[in-house]
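Asks: I'd like to ask you about the structure that follows.
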């Protein structure tokens, strides 16, 4: 197994099914999917059981009970279940283009993590996309999206599939190569070496904090923002609040100021229990 794909989810089975269909269409085939489930109900469990019967890749379901926003905890548990040495992280609302894993596999390199982005869709198009739109690839086609109401803008350049253009955009983009949970990959040993995700972090740049510790350790980010493409389905964020955002900001400030490479509340507590 070359890649383990870790997908976070919470009570969004309709979106998760669309995402899993996207992985069924990948040109790269040597992978497993691990669903990092932060306490979803029976509907998500039933969907995963159904997908195991219908789709072409192995699926693991790592679940814990719903006790508030504990994304970092379920991610750490999922990492320990990964069979591969190289891990791809994404979310249960991000449908991958068919070459998504191929790009992550080809670009992976010791001493680096890969930093991708996403293309955010409005809610009306998110709801419109069906299985055939995903399997045919037309949900990534700008002409099809524009016919269905997509507005023009520079961000549409993310969906241009041209090797020269994407390489150029990856090079000149002012966006830094950060650890973005919706589209990022790295070596399992590197992630464990900084003690995984900080479980004190709530919603708001929790992924970037891990990346900052990796960079403090000398692991560099490599930009694949315009070549590893996923479309992001719209959804509400009821768990977002200023208190948690401020607490996260303070943690990140300390990581930067002290150049920390280790979190005290991380993956090691789960290693001891396995």
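Asks: Do the conditions hold for residue 28, that is, is it modelled with pLDDT under 95, farther than 11 Å from residue 5 by Cα and touching a helix residue (DSSP H, G or I) at 6+ places or on another chain (Cβ under 9 Å)?
Replies: no
Asks: Let me ask another. When residue 43 is evaluated against the numbered criteria (1) surrounded by fewer than 21 Cβ atoms within 10 Å (Cβ to Cβ); (2) assigned to a loop (DSSP other than H, G, I, E, B); (3) touching a residue at least 24 places away in the same chain (Cβ under 8 Å), which criterion, by number, is the only one it fails?
Replies: Condition not satisfied by residue 43: (2).
Asks: Any idea which of (1) under 20 Å from residue 101 (Cβ atoms); (2) surrounded by 15 or more Cβ atoms within 10 Å (Cβ to Cβ); (3) in contact (Cβ under 8 Å) with a residue 60 or more places away in the chain is the one residue 170 doesn't satisfy?
Replies: Status for residue 170: all satisfied but (3).
Asks: Let me ask something else. Sort out for me the helices (runs of 4 or more DSSP H) sitting completely within segment 50-131 that have 3 or more residues that are within 30 Å of residue 160 (Cβ to Cβ), touching a residue at least 40 places away in the same chain (Cβ under 8 Å) and under 18 Å from the mean Cα position of the chain (by Cα).
Replies: Values: elements: 71-81, 100-107, 123-128.
In segment 50-131, 100-107 are the helices (runs of 4 or more DSSP H) which contain 3 or more residues that are within 30 Å of residue 160 (Cβ to Cβ), touching a residue at least 40 places away in the same chain (Cβ under 8 Å) and under 18 Å from the mean Cα position of the chain (by Cα).
Asks: Say we look at segment 213-240 and pick out the residues that are buried (at least 19 other Cβ atoms within 10 Å of the Cβ) and without any contact (Cβ under 8 Å) to a residue 60 or more places away in the chain; which of these is farthest from residue 79 (Cα to Cα)?
Replies: Of everything passing the filter in segment 213-240, 215 is farthest from residue 79 (Cα to Cα).
Asks: What residue, of 210, 245, is within 30 Å of residue 124 (Cβ to Cβ), free of Cβ contacts under 8 Å to residues at least 60 places away in the same chain and in a helix (DSSP H, G or I)? Steps first, please.
Replies: Working: 210 fails: within 30 Å of residue 124 (Cβ to Cβ).
Within the list 210, 245, the selection yields 245.
The values are calculated or read from the model by the stated rules, or taken from the named source; none is laboratory data. In this text, all values refer to a predicted model and were calculated from it rather than measured experimentally. Glycine gets a Cβ as well: all are built from the backbone with ideal geometry, and neighbour counts include every protein chain shown.
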